[in-house]
Amino acid sequence: MRRIQLRRERALRSDVGFRMTLRVFLMAGLAAVVGVAATAERHAFILSPGVGPELLKQCSRPTPENVDGFWIPTTEQITELEALLVPYLKSVPAGRSLRPLEQYHRQYVGFTTRGKRYIYGSFYAFAVDPKREATEPIIVCDGGSSFWGIVFSVESKLLTDLAINGVA
């Protein structure tokens, strides 16, 4: 009788352990899916270095010059840039005329100038085919504050060169 009792207790403990493991696994999976959804919701795209020169050919705003090369920023670097962006935009007069950040889609590419690493961000306030946004630079002439760009220094963590498109 005692053996049967011990077997039931072990089975129950094993079942509880399995259920706990399953819950943790399911919660981790849910967190991963939510993380993916949150990234997609931001509408942020990191472009390949091959299209970097094209992204810097904006027709109605200045972009970085004297670029030596291009590289791929990490998602951590983009997260850091975006965390600093909202306070920066509130601190400069031109930034206060922009819409809230969540209303913009954006494309990023890393570039180097004189051996220093920077990230260029191009922001636009309209939806485009996500497959296109992920691979092709979005270039728009004019449009005012619906379209703008900014430079982030990876080394100094400073945002500079806020440039807003002109108005036709």
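The values are calculated or read from the model by the stated rules, or taken from the named source; none is laboratory data. Computed from a prediction, not measured in an experiment: that's the story for all the values here. Quick reminder, even Gly has a Cβ in these numbers, built from the backbone with ideal geometry, and neighbours come from all protein chains shown.
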Failed item, numbered, when residue 87 is tested on (1) surrounded by 13 or more Cβ atoms within 10 Å (Cβ to Cβ); (2) assigned to a helix (DSSP H, G or I)
(1)
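Answer with yes or no whether residue 122 is surrounded by fewer than 18 Cβ atoms within 10 Å (Cβ to Cβ) and either among the polar types (S, T, N, Q) or within 16 Å of residue 63 (Cβ to Cβ) (or both).
Values: surrounded by fewer than 18 Cβ atoms within 10 Å (Cβ to Cβ): no; either among the polar types (S, T, N, Q) or within 16 Å of residue 63 (Cβ to Cβ) (or both): yes.
No.
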Which condition number in (1) farther than 22 Å from residue 168 by Cβ; (2) at pLDDT below 95; (3) touching a Leu at 6+ places or on another chain (Cβ under 9 Å) is the one that residue 132 fails?
(3)
Among 93, 62, which is the only one that is free of Cβ contacts under 8 Å to residues at least 12 places away in the same chain and surrounded by fewer than 18 Cβ atoms within 10 Å (Cβ to Cβ)?
93
Taking the stretch 104-158, which residues are aliphatic (A, V, I, L, M), in a strand (DSSP E or B) and over 13 Å from residue 46 (Cβ atoms)?
150, 151
